[in-house]
Every structure is written in structure tokens, then in C-alpha cells.
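Student: Pasting in a structure now, in C-alpha cells, and then I'll have a few things to ask.
The values are calculated or read from the model by the stated rules, or taken from the named source; none is laboratory data. Everything quoted here is computed from the prediction, not taken from an experiment. All Cβ positions, glycine included, derive from the backbone under ideal geometry; neighbour counts span all protein chains shown.
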Amino acid sequence: MGIVPRLGTGVPFIARGAELAQLRAALDRARGGSAGTVLIAGDAGVGKSRLLAEFVADATAGGARVLVGRCLSVGEAGLPYLPFKEIIEQLRLERDDLVTDRPALTSLIGRGGATVSASADETNFGQLQLFDAILNVLAELADDAPLVLGLEDLHWSDASSRDLLSFLLSRLADQRLLVVGTYRSDDLHRQHPLRLLLAELVRLPSVERLELAPFTAADTLAFVVTLADGGIDPAVLADVAARSEGNAFFAEELVAASASTPGGIPPALADVLMSRVETLSPAAQRVVGAISVTGRRHVTHAAVRAVVDLDDGVLDAALREALQHHILVTDDKDGYTFRHALLREAVYADLLPGERVRLHAAYARRIVELQQDELAGALAYHSLRSNDLPTALAASVRAADDAMRVGALAAELAHVEQALELWPAVDNPAARAGVDELSLTRKASYVAAAAGHPERSLAYAQAAVVVADRGSDPSTRADVRRQLTETLLANGRWDEARRTIDEAWQLVADAPPSSVSSWVLALQARTSWAVDDDVSRELATRAVEDARTSGTAAAEADALVSLAFTDLRRGGIERACEQFEEARRIAVRAGAPLVEQRAAFNLVTTRYEQGLLDLAAEIADAGAERASALGLTWSTYGLELRWMRAMVHYARGSWDDALTAASPPGERVSDTITALLAASAAIINVGRGRFGEAERDLVRLRPEWHRDTQIAQLAGIAGAEMASWRGRPDPAVALIDEALDSMRKESTSGWPLGGIRLAALGLGAQADAARQARATGDADAEARAVEAGTRLAEYGRTTAERGIPRADSLGPEGRAWLVRLRAEEARLTGSADPQPWRDVVEAFGYGEVYHVALARWRLAEVLVTGDRDAATAELAAALDVAERLGAVPLADAVRELARRANLALAGAALPVAGLLTPREQSVLELVARGYTNRKVGEELFISEKTVSVHLSRVMTKLGAASRTEAVSVAYQRGLLADPAVG
């Protein structure tokens, strides 16, 4: 395999915390006089070099000396001692005296007498002199400072370097030395010379191995999202993440080429992948090509034998060769598969078109001969690619049924869509497929909705209406419109949904009660809820009666949910909850999971709005688990349940559970779903001070605000809170205004109630601006902030008056944000009255632990000049919650206030436990004085480059984009003493 380009320093370092910790621990032991070795193994491109680079920077910043040598792929013999020559050359530039005093070292780098070689006439004595010289010079260096010796790409090492490495590692004892080597595990075939050395080295007590596995699915997605930096469609990124299978280099190449070769393999990557295959014998290459045709599935030995015309002995040898060179691996089904899916893609793309068709046809014939129903998907795949379209159509329909039986929604949708694509290309398709076009189209709509693709579901539902109107009976045409209505509602198109369900009713209005008419009435009740409560209640009551007459329990349950809504609007909250629960039980008995989820979601939402957070969390957890068991996590209400689970756990302070609920899908779903979950997670990441991660997500989310008002609201909240914590009130207010505008455009009432919270946050930002203006004596700036803040306060109160809550009045959360609004208004004018913030503490006391803690911090700000004991008690309570939640910015602010006020608060002297290292703190303090990097280095006796490394880490930890901003944030968060505070 050729040289894989090394990941550049601009590539994000993600998800290697445990591995980096292992290296740091080894270095700590070496600092204490216990020398050691860590051998980092992993596939090409998995990130070995990047891990080593990150560790080297970390070690250098910590005061260790680092020397790094690299091996190169230059043939079997290699270049004798190449990595050690590099190391001695580096050492000569730093400590020439250590090299010139040792003739063996000067000979090694060609600066003395005869150059040391690895030829046969080299004496054992001369080699021993060289080995001893290197060991001694490394030991002497380690006496001055801990020493890290990095040896990269040992799989390309020559025999002399391997001998020297064995000598060094076998003599490690009490030196302050750590050796870190990297090698490609996928390059070590059975006869590779490094295998024998590794078997010996791992027996040494000072040697440990670090297996660098590919990224997990979630980490891979985070990696490619960061690489793309918002410039690539999320669906494309999800595909790139899946195809890369956790390999950092593959992901980087695929992201870089996503615009020019979408779905394909970049030429540079294909060359790297194929270079390994091209070293195989012709027979092995032929076998590997045949296996690539099977797709990503495994292939049995019998299948390979059936399609490849080779003698058994030759076939066995070819397969063994491919396995030894790590092109193929065996799986748990005693079959063969490619070590990496991209390698299969590259091999498949390299086949001639005729070869592909011939091999696909051979596999299809074998599947037909086997007569195994579970191979319908494979038959569809091979038949399509061998141009047998009738067989491909029939097999696609059967494969969809197979996928449905095992709950594989994505596969089911893919097979149904393929069948629909083939439909017009096949004569008499209904006879071939065993199903009519209308049924297949409706199925596509149902499956797309369940699989988390509401937009595709809508497209198929609209197509089904066209097909039905060609000649179906009125009842069928009405039922198809009922399905379309549900997909329109899932996509937030309420006006179209009302018109469509009214059309459906016209088709069955004169018919006796039936399943169709019951469902049509139930959907009419649902679509009328936002227009007229009385009409909705009448329609829901008729739907229940019709459903009971016709025995349509699912429609009855759906209508009961709509009836419960009208009870909510009339103040009958407990009655509504009873009906939600009754509807859920009926839906479970009727086998109507979508209705069951709708009932569960509304029950969760109602309990949440009542402020019964523990009960809401219990219902949300059970509902989300049930949706997952049904395979409907990404259906309309499956998603709503998952989102509400995140919101409930965020409110009650179980933030880890909230982040789990808001984690990325890990599979291809609608962009709306991905954006909603990312916006939910952003609030928690901001609360925990993970500003870099939150900022990346918020930038990526901005084009998605129009998809759902909740996306705009959550992104606005997260962005405004982050800007406020960073001391940037103006961007916070601008983001609030933008979010409110977006929400109003999409709201049916024009006054979405989420605007109360946003108005309070915006008002808080204006209060920050007013306080800053007062501190600098800028009366004009203060007046502008007060005027703008007053407008936001009025907007929040007007929203509370004109907005339409689900129940008859605002619940505890809405009322609490109104109280917060009043408190922020008092802070806007510089009021010293503590009562508004006491009211906030009480208002959020129903269970919103984070906002209670925030209010206690603000309350303490007011109390500190008059009642220091009370202020201390409030700060202690706030700090306890902040530390439990991991709410770093709040904890920083609490400690900073305690420090400025000289309050005896436990831990207040430490701005953030463990946030900055002592050296980073020292660098930051000098930068705050206006020192340049060079001046900082001179002051601290470290290099200018090391100062830059420290400063970069400080900026990352503080979420700052510049050194000036880092200083500003540090003052605000109490990491630096504020000279203005006495």
C-alpha cells in the first residue's frame, strides 16, 4: 500500500481522549523515572500520526523534549537506521556537543569517518558501539528533561532499525524516557518481519500496545461535520460518515471530494486503495474482483466457487493470499468480506463493465437455484445490475416484505422505491410484482414516514392520490386522501391538510359508517383544532361514535386524542390526561402504533406543561423506548417523543439523559429531524460551556430554521445564551430578533409562546449592555440598551396575552419566564431590589433546577452589597447545582462573583477546577498584560512555539476566536483578577 498522506493540523482532533490519556499516563510514569514504550497499532488512515502529533504538542507544552524519526517505504531492504538518523540530526541541532563527542553517531549521519552501514561486513562490535552510543545519549538527554522518542511507520522499518529498537526497549529501566512507535496493523501479513519483533517486544514489562480503533458512528459523523464546516448537505455528510467506517483519512478524502465526485471514490483515494490489491497474484485479483460484485454482504466459499472458474487448489491459494494481505477478512458466518467497504467499492469500480454484468448474472442464477426466500434482496440487486428487470421488480417487492418482517425500515423503503422505479420499465408489472401500483405507492409513503423521511412520505402520498383518481372507488380515493392528510400534518401544512380531508369527506359523506369514514372524521377533528374548538369537539365525538359502530378502534383512539385537546382548552387538564391514556391503551390493543405514539406524546407534553417533570420524564422514557421497540423512532410522533424526552430531562437537570435523547440519528433521516436534535443538544452544550461544539452546530443549523419553529427557537436560545456568556450582548440580541422573526412567519397565531423565553433572554442581554455602559459612563449606550430592552419586555408580555397555549392558560414554565422577564427588566435599569429574583427562584421551583440556580446567582449579585450571608447561601446553592450539571459557565460566574465580593465560598478561589493548567494560567495572565508570545516565552523560559501551543489551548477551552477575546472571556468568567474590582 502506498504512503497515506498524513492528516494536517487543520483537521479536527476528535474522540481520542482515552488514547491520549493512556499516552499521558505513560509519560507521567517516565517523568517519575520509569521508562516505557507505547506501540500504537491501527489501519492506514485511522489517525495514528494525528494522535502522535497531538501527544507530541501536549508533551512539549508540558516541558518534555521530543525527538521524532520516520520510516519510509523504499523497498524490502529499506534505508538503514533512517528514523534514528533523523533523530540524531535533530539532536545535533539542539545539542551538537552530545553528537560530536560520540564518533559512532557522527558516522551514522555521515559527519565523521566511514558511514555506518547495514551491510554484511559490518562488525558486531561496531554495531554495539552505535547502539550503546544512542542509548547513552538518550539517557543523558532524559536527565535534563523527560524525553519522548517518536518512531513512525515501523511497518516500513529496515532490519537494522528493528535491531536497534529491540536493543533500546530491552534496556529501558529508570530513564525518564518514553518511546512511542506507530505501525499499520493491516500491513502486517503473515511473513512481515515486524511481526516477529512485535511478538518479542510485547513480552517486555515496559512495553504496552495501544490499538487505535476506527471512530464510532457518532464520532465519525461529528468528525465529518467539523471537516465540512457547514459547507456540505447533511445527507451527504451522513453518507460520507457511513462509507468511511470510522477511518479518518478516508473521511477526509471523501469530504474533500464530495462536490466533485458525490457518491464515488476520489481518484487519489482509489489509487491508495488499489495499490494494495495490485500486489496480489492475477488469480487472487480475479477472486477479489468477483467478491466485490456481491456488494457489502459476506459471500460464502461455495458462492465464490460457483462464479469463479478456477480449480479448487488455485481458488484456495488465491483466497488465502487475499486474507494474508488483509484485503479480505472472514466473518462470523464463515464467509468472506472486504476489510473495508471503500476497498470493495474501489475494486468494483476497477472491473470492466462486461465483467460486472457477467458476474452479477452468475450470482443471480445461483440465488435462483438455491430457492431461498431470504435472498430476495440479493436477487433484486444482482438482477438489476445484470439487466434482468422483470426479475428485479418481483424480487424487490419480496425483499421489501422480508425487511418489513424484521423491522428494517431503511431497507424496506429502499426496496419499495426500487420497485416503483422499475414499474414503468416492465411489461405487466402488477402480475410480475404480485401487487398493484396504488398499494405499492401507499406503502412507500407509510414506510418513508416511519423511517424518518416526512418529505419523501408526502411526495409518495401525493402520487398515490393521482394513481387512485385514475379509477378507484370513492372509499379508496377517500382513504388515500386521509393518508395524504396525515403526511401533510407531519410536514406542518395545516391549510392543505384541512382542504384534503374535506375532499375525502365529500367522497364518503353519504356512505354508512366504515373504517374509512371513521378515520376521515377523526382527521377532520384533528385539523379543525387550531380553527374552532367547538367544531373539533363535534367532529371528534362523531368520529368516536362512527368508529365504535364500524369497529375501528384505531380511529376511535385518534379521535379521543382530539377530544382531549378540547378538554385542555376548557381547563379540564386531568380529564384530558385520562383521555390521552385511554386513547393510548385502545391504540395498543388495536395494534395502531402511530396513534399510540400520538397519545403518549400529548400526555408527556401536558404533564411537562403542568410542571410535573418527574412524571413527564417517566412517560417520555417509556414512550421513546416503546417507539424504538416498534422501529418507529423516526416516525412523526416517535421523533416528537424523543425530542420531548430531551426537553424534559434538560428541565429537570438530568442533562446526560437529555444529551442521549438529542444525540445524532446515526442513520440517514430527514434534515428536519437532524436539525431539531442538533438544536436541542446545542442548548445543553452551551450550558456546559462546550462553545466550540455548539457554535459549529448552530452555524450548520442556520439554513434549517424554516423547517420547524422549534429549530429556530432552540437555536436562538442556545446562540443567545452562548453570546451572553461570552460577554457579547449585541450578537445575542440580534440572534433573538432573528429567531423571533423566523418563528412568527411559521406560526399560525403570529404570537408563538416560545417568544416569551426569547424575549427574556434578549432583555437579559440588553441588561448586560446597560450595565457595561453604566460602568464606562456611556449614557447614550445605556439609554439605547434600556429602550431596546423595554421593547422586548413589552413584546414578551404581549405574546403571553395573544399567544394560544395548548391548555386554557399558561402553565408554570410560561409563567416562570414572565417572572424572569420582570426580573431582567429590573436589572436593565440597575435596580438593587432582590425581590424580583426571589420571585424567579420561586417561579422555577417546580423543578427547573438550572434556571433556579441561574436566578440564585443573579439574586446574590443584588444581595452582596447588603446581606452577605444571604448572598453566600444563594451562591453556594447555585454552585452545587452548576457542578452537578457540569454547567461550567454558571459555575465560573458564581466563583467569580464570590471572588470579587470576597465571600467565603468553598472553591471560589479556583475559577474553574481543572479548566486551565498552571502553565496555561501563567501564559494567559501575561497575555492579559499585553505581552507578545516572544515576551511571554522569555518571561516563562519556554519557546515562542510552546507559548503559541498553550495560548491555542486556552482559546479552545474558552471558546475564543482571538487572544483579545480570550482575555475578555477570562475576566468575565473569573479566570483573571479584574483590576477594576477592589
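Student: Among (1) at pLDDT below 90; (2) surrounded by fewer than 23 Cβ atoms within 10 Å (Cβ to Cβ); (3) on the phi < 0 side of the Ramachandran plot, there is one condition Phe941 misses while meeting the rest; what is its number?
Tutor: (3)
Student: Can you tell me which residue among Ala908, Ala887 is crowded, with 22+ Cβ neighbours inside 10 Å and modelled with pLDDT of 80 or more? Show your work before the answer.
Tutor: Working: Ala908 fails: modelled with pLDDT of 80 or more.
Answer to the check: Ala887.
Student: Can you tell me which residue among Asp350, Asp401, Asp334 is farther than 30 Å from Ala213 by Cα and of a type in the set (Asp, Glu)?
Tutor: Details: Asp350 fails: farther than 30 Å from Ala213 by Cα; Asp334 fails: farther than 30 Å from Ala213 by Cα.
It is Asp401.
Student: Here's a check for you: in region 745-770, which residue that is part of a helix (DSSP H, G or I) and more than 20 Å from Tyr850 (Cβ to Cβ) is modelled with the lowest pLDDT?
Tutor: Checked region 745-770; the qualifying residue modelled with the lowest pLDDT is Glu746.
Student: Please specify each residue of region 129-171 satisfying the condition of being crowded, with 22+ Cβ neighbours inside 10 Å and either of a type in the set (S, T, N, Q) or assigned to a loop (DSSP other than H, G, I, E, B) (or both).
Tutor: Pro146, Asp153, Ser157, Asp158, Ser160, Ser161
Student: Any residue in region 18-40 that is among the hydroxyl-bearing types (Ser, Thr, Tyr) sitting within a Cβ distance under 8 Å of a residue that is surrounded by fewer than 17 Cβ atoms within 10 Å (Cβ to Cβ)? List the pairs, counting only those 6 or more apart or interchain.
Tutor: Going by the 8 Å Cβ cut-off, the qualifying pairs are Ser34/Asp174; Thr37/Leu204; Thr37/Glu208.
Residues are listed down the side, and each one gets a yes or a no for (1) modelled with pLDDT under 90; (2) in a helix (DSSP H, G or I); (3) surrounded by 17 or more Cβ atoms within 10 Å (Cβ to Cβ); (4) within 40 Å of the chain's Cα centre (by Cα):
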| residue | (1), (2), (3), (4) |
| --- | --- |
| Gly313 | no, yes, no, no |
| Asp332 | yes, no, no, yes |
| Arg344 | yes, yes, yes, yes |
| Tyr348 | no, yes, yes, yes |
| Leu359 | no, yes, yes, yes |
| Glu369 | yes, yes, no, no |
| Ser383 | no, yes, yes, yes |
| Ala394 | no, yes, yes, yes |
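Student: Which residue pairs have Cβ atoms closer than 7 Å, lie 6 or more positions apart in sequence or on different chains, and pair a first residue in region 712-740 that is not assigned by TED's automatic domain parsing to the domain that holds Ser968 with a second residue that is assigned to a helix (DSSP H, G or I) and of a type in the set (S, T, N, Q)?
Tutor: Ala712/Ser742; Leu714/Ser680; Gly727/Ser968; Gly727/Gln972; Pro729/Gln766; Ala732/Ser724; Val733/Gln766; Ala739/Gln713
Student: Next question. Hey, any hits in region 84-91 for a residue that's under 50 Å from the mean Cα position of the chain (by Cα), assigned by TED's automatic domain parsing to the domain that holds Ala35, in a loop (DSSP other than H, G, I, E, B) and at pLDDT below 90?
Tutor: First, the residues of region 84-91 that are under 50 Å from the mean Cα position of the chain (by Cα): 84-91.
Right, trim to assigned by TED's automatic domain parsing to the domain that holds Ala35 and you get 84-91.
Still in the running and in a loop (DSSP other than H, G, I, E, B): none.
No, there is no match, as no residue in region 84-91 is under 50 Å from the mean Cα position of the chain (by Cα), assigned by TED's automatic domain parsing to the domain that holds Ala35, in a loop (DSSP other than H, G, I, E, B) and at pLDDT below 90.
Student: Right, here's the next one. Evaluate region 233-244: report whether one residue or more is hydroxyl-bearing (Ser, Thr, Tyr) and either crowded, with 23+ Cβ neighbours inside 10 Å or modelled with pLDDT under 85 (or both).
Tutor: The first filter runs over region 233-244 and keeps only residues hydroxyl-bearing (Ser, Thr, Tyr), leaving 244.
Okay, now just the ones that are also either crowded, with 23+ Cβ neighbours inside 10 Å or modelled with pLDDT under 85 (or both), so 244.
So far as region 233-244 goes, yes, one or more of its residues are hydroxyl-bearing (Ser, Thr, Tyr) and either crowded, with 23+ Cβ neighbours inside 10 Å or modelled with pLDDT under 85 (or both).
Student: Same structure again: If you go through region 269-300 one residue at a time, how many are at pLDDT 80 or above and either assigned to a helix (DSSP H, G or I) or touching a Gly at 6+ places or on another chain (Cβ under 6 Å) (or both)?
Tutor: Of region 269-300, the ones at pLDDT 80 or above are 269-294, 299-300.
Next cut, either assigned to a helix (DSSP H, G or I) or touching a Gly at 6+ places or on another chain (Cβ under 6 Å) (or both) only: 269-277, 282-292, 299-300.
So the answer is 22.
Student: Does Ala410 satisfy the criteria of being part of a helix (DSSP H, G or I), in contact with a helix residue (DSSP H, G or I) (Cβ under 8 Å, 6 or more places away or on another chain) and of a type in the set (A, V, I, L, M)? It would help to see each step written out before you state the result.
Tutor: On the way: part of a helix (DSSP H, G or I): yes; in contact with a helix residue (DSSP H, G or I) (Cβ under 8 Å, 6 or more places away or on another chain): no; of a type in the set (A, V, I, L, M): yes.
No: the conditions fail for Ala410.
Student: In region 746-794, which residues are farther than 17 Å from Asp730 by Cα and surrounded by 21 or more Cβ atoms within 10 Å (Cβ to Cβ)?
Tutor: Once the filter is applied, which keeps residues that are farther than 17 Å from Asp730 by Cα and surrounded by 21 or more Cβ atoms within 10 Å (Cβ to Cβ), region 746-794 yields Pro752, Leu753, Gly754, Gly755, Ile756, Arg757.
Student: A further question follows. Looking at region 707-727, can you tell me whether even one residue there is at pLDDT below 90, out of contact with any Gly (no Cβ under 8 Å at 6 or more places or on another chain) and farther than 30 Å from Arg493 by Cα?
Tutor: Within region 707-727 (the criterion being at pLDDT below 90, out of contact with any Gly (no Cβ under 8 Å at 6 or more places or on another chain) and farther than 30 Å from Arg493 by Cα), the answer is yes, since at least one residue qualifies.
Student: Would you check which residues across region 434-446 are buried (at least 23 other Cβ atoms within 10 Å of the Cβ) and farther than 18 Å from Thr485 by Cβ and list them?
Tutor: Correct list: Leu440 only.
Student: If we scan region 435-443, do we find a residue that is touching a residue at least 12 places away in the same chain (Cβ under 8 Å) and among the small types (Gly, Ala, Ser)?
Tutor: First, pick out the residues of region 435-443 that are touching a residue at least 12 places away in the same chain (Cβ under 8 Å): 435, 437-438, 440-443.
Then keep just the ones that are among the small types (Gly, Ala, Ser); that gives none.
Within region 435-443 (the criterion being touching a residue at least 12 places away in the same chain (Cβ under 8 Å) and among the small types (Gly, Ala, Ser)), the answer is no, since none of the residues qualifies.
Student: What pairs can you find where one residue is in region 48-67 and among the basic types (Lys, Arg), the other is surrounded by fewer than 18 Cβ atoms within 10 Å (Cβ to Cβ), and their Cβ atoms are less than 6 Å apart, with a gap of 6+ or different chains?
Tutor: Sorted first by the residue in region 48-67, then by its partner, the pairs are Arg65/Ala145.
Student: Another question, if that's okay. Just to be sure, is Trp634 out of contact with any strand residue (DSSP E or B) (no Cβ under 6 Å at 6 or more places or on another chain), buried (at least 19 other Cβ atoms within 10 Å of the Cβ) and in contact (Cβ under 8 Å) with a residue 60 or more places away in the chain?
Tutor: Numbers: out of contact with any strand residue (DSSP E or B) (no Cβ under 6 Å at 6 or more places or on another chain): yes; buried (at least 19 other Cβ atoms within 10 Å of the Cβ): yes; in contact (Cβ under 8 Å) with a residue 60 or more places away in the chain: yes.
For Trp634, the condition - out of contact with any strand residue (DSSP E or B) (no Cβ under 6 Å at 6 or more places or on another chain), buried (at least 19 other Cβ atoms within 10 Å of the Cβ) and in contact (Cβ under 8 Å) with a residue 60 or more places away in the chain - is met.
Student: Can you name the helices (runs of 4 or more DSSP H) wholly within region 847-938 that have at least 1 residues being closer than 25 Å to Ala61 by Cβ and either assigned by TED's automatic domain parsing to the domain that holds Ala970 or not hydroxyl-bearing (Ser, Thr, Tyr) (or both)? Outline the logic, then answer.
Tutor: On the way: elements: 849-863, 868-885, 888-901, 918-928.
Of the helices (runs of 4 or more DSSP H) lying wholly inside region 847-938, those with at least 1 residues that are closer than 25 Å to Ala61 by Cβ and either assigned by TED's automatic domain parsing to the domain that holds Ala970 or not hydroxyl-bearing (Ser, Thr, Tyr) (or both) span 888-901, 918-928.
Student: Looking at Ser742, is it polar (S, T, N, Q), over 20 Å from Ala823 (Cα atoms) and assigned to a helix (DSSP H, G or I)? Spell out how you get there, then give the answer.
Tutor: Working: polar (S, T, N, Q): yes; over 20 Å from Ala823 (Cα atoms): yes; assigned to a helix (DSSP H, G or I): yes.
The answer is yes for Ser742.
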